[in-house]
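See below for the structure under consideration.
The values are calculated or read from the model by the stated rules, or taken from the named source; none is laboratory data. Given the structure is predicted, the values throughout are model-derived calculations rather than measurements. Cβ sites come from the backbone with ideal geometry, for glycine too, and all protein chains shown count toward neighbours. Keep in mind that these areas ignore ligands, DNA and RNA; they rest on the heavy atoms of the full protein, side chains included. Shrake-Rupley method; radii C 1.70, N 1.55, O 1.52, S 1.80 Å.
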Amino acid sequence: MRLSRSRDIQRVFQNGLKISNAYVTIRARRRTVRTSRLALAVAKKHVASAVQRNRIKRIARESFRRNARFLAGLDVVVISRPGISAADKIALREALEADWVRLRDDPRLGLKPRSKGS
């Protein structure tokens with residue numbers, strides 16, 4: 001599900017948890033509902049080509065979708081950083097996967113950590 005209303009995105013920025021890697025900054029906020037929502041912001045300043053911006057968005061959406069069951073009940077905003085244009089598909093996917101684990105395991109969000117067997 002997409003996070004699209006300006007008011008909801010502002011709430012994530014005001015009250016959300018922030019984590020970063022070399023390619024993106026992620027803001028996340030707990031919701032009362034069990035569905036997760038995602039907003040993406042890939043700046044032209046960071047990635048000039050629309051084709052490349054859309055590729056980055058597709059990779060981020062797919063990664064989020066694959067991890068949605070572990071991130072249930074979060075509003076998440078993914079924001080590009082200047083180094084993102086140098087990232088290949090695998091590096092970006094691995095960085096996002098690591099960030100989803102960090103979000104899932106962060107006690108401030110109150111998500112249940114995944115057991116080691118799953």
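In the chain, helical runs assigned H by DSSP with n ≥ 4 each contribute -39500 (n - 2.57); averaged across all residues and rounded to the nearest 500, the mean residue ellipticity at 222 nm is -12000 deg cm²/dmol. If you wrap the tightest convex hull around every Cα atom of the stretch 1-50 and split its volume per residue, you get 103 Å³.
Which FRET efficiency value, to the nearest 0.05, is calculated for residue 15 and residue 35 with the Förster distance at 25 angstrom and r the Cβ-Cβ distance?
Numbers: r = 18 Å, r/R0 = 0.73.
So, using R0 = 25 Å, E works out to roughly 0.85.
Surface analysis of the stretch 45-118 yields an accessible area of 59 Å² per residue, using protein heavy atoms and a 1.4 Å probe. Only Lys, Arg, Asp and Glu carry charge here, each on its Cβ (+1 for the first two, -1 for the last two); on that basis the chain has a dipole of about 420 debye about its Cα centre.
Determine the share of the chain's accessible area contributed by carbon and sulfur atoms, expressed in whole percent, with a 1.4 angstrom probe. Summing carbon and sulfur atoms, their accessible area is 50 percent of the total for the chain. When the P(r) is computed for the stretch 18-98, the part past 17 Å accounts for 41% of the Cα-Cα pairs.
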